[in-house]
1. Amide H neighbours of A145 under 5 Å, counting only residues 5+ apart in sequence or on other chains, H built in-plane at 1.01 Å?
2. Quick one: net charge around I52, please, counting Lys, Arg +1 and Asp, Glu -1 for every other residue with C-beta under 12 Å from its C-beta.
3. Taking θ as phi - 60°, what are the ³J(HN,Hα) couplings along the stretch 84-96 by the Karplus curve (6.51, -1.76, 1.60), each to the nearest whole Hz, with x for Gly and Pro?
4. The chain: longest stretch without exposed trypsin sites (Lys or Arg not before Pro) (DSSP loop, at most 13 other Cβ within 10 Å), sites themselves excluded?
5. Averaging over every viewing direction, what projected area does the convex hull of the Cα atoms of the chain cover, in nm²?
6. Which percent of the accessible area of the chain is formed by carbon and sulfur heavy atoms (probe 1.4 angstrom)?
7. Output wanted: per-residue J couplings in Hz (rounded whole) for the stretch 137-143, from phi through Karplus 6.51 cos²θ - 1.76 cosθ + 1.60, θ = phi - 60°, x for Gly and Pro.
8. Express the accessible area of the chain per residue in Å², computed with a 1.4 Å probe while the remaining protein chains stay in the model.
Amino acid sequence: MELAKYIATIPNFPQNGVSFKDITPLLINRDAFRFALAEFEKQFIDDDVQYIAGIEARGFLFASALADRLNCGLIPIRKAGKLPGDVLTEEYELEYGKAKLEIRKDTLPAGARVLIVDDVLATGGTAICAANLLGGAGAEIIGFAFLASLLFLEGERKLHGYRTVTLVKYE
Ligand code: AMP
């Protein structure tokens with residue numbers, strides 16, 4: 001199945017110059033959504049994944065369904081300020097300014113095998129921040145799974161050394 005057909009490109013959203021990849025058509029189509037999940041499942045079924053970490057917000061959509069398929073726990077990686085109690089925080093650079101990702105403290109056993117999931121890999125800043133955050137919590141990062149990757153932004157270079165699975169690539 002050609003998944004690219006189910007990803008819409010919206011020019012100049014949410015700001016000028018950004019070509020936004022809208023995954024809504026893929027989510028709405030049960031065959032396309034199931035196909036994408038089955039592809040991820042195939043790639044990681046033999047990797048003894050213990051937790052799927054999904055990045056807020058669209059990463060959650062794939063992470064939770066995949067956690068069910070791979071019989072894993074689910075770790076929500078949240079934007080700053082959303083989680084109650086003690087949290088671990090990691091900062092990353094945006095085009096303008098900085099942002100933070102957080103997870104709950106003391107939720108992961110040492111050496112837990114974690115797969116990180118998001119919808120789109122762009123510059124890789126978010127993904128590497130998530131890896132650093134989980135790594136700091138003692139996780140072993142198995143790799144990354146993205147629905148789509150914008151190759152021209154060279155995010156994969158930032159993830160060099162990690163296994164990265166991407167279902168749709170944009171040159
Ligand atoms: P980056 O840190 O630059 O790799 O950005 C990745 C994060 O921002 C992911 O959580 C994506 O959901 C979102 N994102 C960045 N660029 C796009 C884009 N062109 N279309 C859709 N989502 C994007």
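The values are calculated or read from the model by the stated rules, or taken from the named source; none is laboratory data. Predicted model only: the values in this text are computed from it and were never measured. When we count neighbours, we look across all protein chains shown, and the Cβ atoms used for this are built from the backbone with ideal geometry, even at glycine. Heads up: the accessible areas ignore ligands, DNA and RNA and are worked out on the full protein's heavy atoms, side chains in. Shrake-Rupley method; radii C 1.70, N 1.55, O 1.52, S 1.80 Å.
1. So A145 has HN proximity to I116, V117, D118, V165.
2. Working: positive: R69, R113; negative: E41, D47, D68, D118.
With Lys, Arg at +1 and Asp, Glu at -1, the neighbours total -2.
3. x, x, 6, 10, 9, 10, 9, 9, 9, 8, 9, 4, 10
4. Values: sites that count: K82, K105.
That would be 1-81.
5. Details: hull surface 39.0 nm².
The orientation-averaged projected area of the Cα hull of the chain comes to 9.8 nm².
6. On the way: 4320 of 9010 Å².
Whole-percent figure for carbon plus sulfur exposure: 48.
7. 8, x, 6, 9, 7, 6, x
8. On the way: 9010 Å² over 171 residues.
I get 53 Å² per residue for this part.
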